[in-house]
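Here's the structure we're looking at; comments come further down.
The values are calculated or read from the model by the stated rules, or taken from the named source; none is laboratory data. This one's a predicted model, so the numbers in the text were calculated from it and none came from an experiment. Backbone-built Cβ (ideal geometry, glycine too); neighbour counts: all protein chains shown. For the accessible areas, the whole protein counts, side chains as well, though only heavy atoms, and no ligand, DNA or RNA atoms are used. Shrake-Rupley method; radii C 1.70, N 1.55, O 1.52, S 1.80 Å.
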Amino acid sequence: MKNVIVVGGGASGIFAAVKAREMGARVTLMEKNNRLGKKMLITGKGRCNITNAGTLDDFIANIPGNGPFLYSAFSLLSNQDTMDFFHRLGVPTKVERGDRVFPVSDRSADVVEALKTYLQKIGVSCKYHLTVESLAISQGVMKGVDTAHGFFSADAVIVATGGASYPGTGSTGDGYQMARQAGHTIVPLKPSLVPLETVEPWVKELQGLTLKNVKVTAWADGKILSSEFGEMLFTHFGVSGPVILSLSKVITASLDQHPRSPVQVIIDLKPALSFEQLDQRLQRDFQKYSRKYLANSFTDLLPKSLIPVFVQLLPISGDKFVHQITKEERGQIIKGLKEFTVTIKKPRPLAEAIVTSGGVSVKEINPKTMESKRVKGLFFAGEVLDIDGFTGGYNLQAAFSTGFAAGKAAAE
Ligand SMILES: Cc1cc2nc3c(=O)[nH]c(=O)nc-3n(C[C@H](O)[C@H](O)[C@H](O)COP(=O)(O)OP(=O)(O)OC[C@H]3O[C@@H](n4cnc5c(N)ncnc54)[C@H](O)[C@@H]3O)c2cc1C
């Protein structure tokens, strides 16, 4: 019987332990926290966007950079396999907008609890409050791990320690050190899916404001970097929310490559209306509010908290009477609605990123087995690898599939 140690009880570590045990190995899962899946609990705003119902090609496209590395892992455990597995565990799933898959209960705690119960049922030994400090390697072969509670021997070790973002969940980047120890290259770590700081101080006044159904376009050097439609949020430092997180990857890449070229984020507050339609709409509102000041005429058009900032940014005084607004000024107002702009200063730190970009170079990993090409019996799975996807369930599926592949190969 093979003796397998899994380091880390997150998404990838749990799937690695499940598969290795199902294959007949003796499996010990070591987790530094006092519970499993602390990060999984906060995924999808506590609802856990388990996977995506899209095609394999959708998956590869939504994992920019090293997506193709995952073809084998995704064919071993596909999104459908993942959904079937959760159904068998008593966690039925549903598909929402953008093919995002969630548990029907909308509770990530149900997902983690079901996994924990299954690990117990199949006989995986889960050790909590146990931090793995280093790997024990002899002549290129894995021998075990060193922990705060001494040495544990193993035929195979699966490092599933996660990335370096949201360190409060336990993902403090320990696996990178272990990988270095084994002679692996670590592709520099960067925040991915991260909120952005803006130059404009007035964002503070909009803190907590969510804009739904807006079109957001990132521009640099007069060129469009990317464009997204959906929901965004203002914070005390800048902007966040799904659309911003999705755009953050291209924006941070642009700022890295061309630090002197500012990136502007242009928000179309009324994407469903053309310039002409918006003009007609404004004229109707202005008839209704003709005796009011301009500053008091946007109540039907904009969220309340946005109005003072919007008016302040217009080249027209908010104290002007609506009936005095000229056609040209209406054009300026429409421009403001279609091109509400913030300038990006920098991304928030790695600790605040949803996912860590960079990590163990996949060039040094066998894509079929997740085994290290440097050390026999050493495997890597999940976010510790140089893999990061967009929002939509791609990151958890990548963790599940790489964990599954590693668990299978480690037990063989
Ligand atoms: C706020 C937030 C929301 C997210 N929402 C989604 C979503 O809805 N859908 C999606 O697909 N992705 C989402 N993600 C990303 C997703 O959670 C991660 O990509 C995924 O959890 C990575 O899995 P992992 O197993 O590699 O790492 P983790 O889940 O981070 O697990 C690593 C585990 O290893 C343990 N560990 C670390 N070092 C050691 C050590 N030395 N010894 C022992 N144990 C150790 C940690 O305590 C941790 O439990 C979200 C991320 C965040 C931060």
(request) Calculate how steeply helix 242-257 sits against the longest principal axis of the alpha-carbon atoms of the chain, using the helix alpha-carbon long axis, and give the answer as 0 to 90 degrees to the nearest 10. (result) 80 degrees
(request) Round to the nearest 10 and report in Å² the accessible area of ASP155, as given by a 1.4 Å probe over the protein chains' heavy atoms. (result) 80 Å²
(message) Which aspartates and glutamates, if any, have their Cα less than 12 Å from the Cα of LYS320, not counting same-chain residues under 8 positions apart?
(response) GLU329
(message) Here is the link list: LYS45/LYS408; LYS45/LYS368; LYS270/LYS335. Which ones come out longer than 22 Å on Cα distance?
(response) LYS45/LYS408; LYS45/LYS368
(message) I need the calculated FRET efficiency for the pair GLU352 and LYS212, taking r as the beta carbon distance and R₀ as 25 Å, to the nearest 0.05.
(response) 0.65
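Applying a 10 Å radius around every beta-carbon, put 229-236, 107-114, 324-331 in order of their mean neighbour count, most first. The partial results should precede the final answer.
Working: 229-236: 17.8, 107-114: 19.5, 324-331: 12.5.
Averaged packing, sorted descending, gives the order 107-114, 229-236, 324-331.
If you take the beta carbon distance between PHE229 and ASP99 as r and set R0 to 22 Å, what does 1/(1 + (r/R0)^6) give as a FRET efficiency, to the nearest 0.05? Before the final figure, lay out the partial values.
On the way: r = 15 Å, r/R0 = 0.70.
Computed FRET efficiency for PHE229 and ASP99: 0.90.
Add -39500 (n - 2.57) for each DSSP H run of 4 or more in the chain, then divide by its residues: what number comes out at 222 nm, to the nearest 500 deg cm²/dmol?
Numbers: 12 runs with 129 residues, N = 412.
Computed ellipticity for the chain at 222 nm equals -9500 deg cm²/dmol.
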(message) Only bridges whose two residues both fall in the chain count here: according to DSSP, what percent of them are antiparallel, nearest 5?
(response) 75 percent
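With all pairs of different alpha carbon atoms counted, what Kirkwood hydrodynamic radius in Å does the chain show? Show your work: numbers first, answer last.
On the way: mean 1/r = 0.0434 Å⁻¹.
The answer is 23.1 Å.
For Cα pairs less than 8 Å apart in space and 6+ apart in sequence, what is the mean separation divided by the residue count of the chain, i.e. the relative contact order in percent?
Values: 937 pairs, mean separation 108.4, N = 412.
The value is 26 percent.
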(request) May I ask you to compute the full-extension gain from LYS127 to GLN257, defined as 0.36 nm times their residue separation minus their alpha-carbon distance, rounded to one decimal in nm? (result) 42.4 nm
(request) Under 17 Å Cα to Cα from LYS127, which aspartates and glutamates show up? Leave out anything in the same chain fewer than 8 places away. (result) GLU31, GLU113, ASP146
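Can you check what the net charge comes to around THR147, using other residues whose Cβ is under 14 Å from the Cβ of THR147 (Lys, Arg +1; Asp, Glu -1)? Show your work: numbers first, answer last.
Working: positive: LYS32, LYS127, LYS143; negative: GLU31, GLU133, ASP146, ASP174.
Counting the neighbours of THR147, the net charge comes to -1.
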(request) Compute the distance in nm between two label points, each set 7 Å from the Cα along the Cα-to-Cβ direction, one at ARG88 and one at SER317. (result) 7.4 nm
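Which loop trypsin sites (Lys or Arg not before Pro) in the stretch 15-93, with loop taken from DSSP, have no more than 14 other Cβ atoms within 10 angstrom of their Cβ? Mind showing how you got there, number by number?
Working: sites: LYS19, ARG21, ARG26, LYS32, ARG35, LYS38, LYS39, LYS45, ARG47, ARG88; in loops: LYS32, ARG35, ARG47.
Counting only loop positions with at most 14 other Cβ atoms within 10 Å, the trypsin sites (Lys or Arg not before Pro) in the stretch 15-93 are ARG35.
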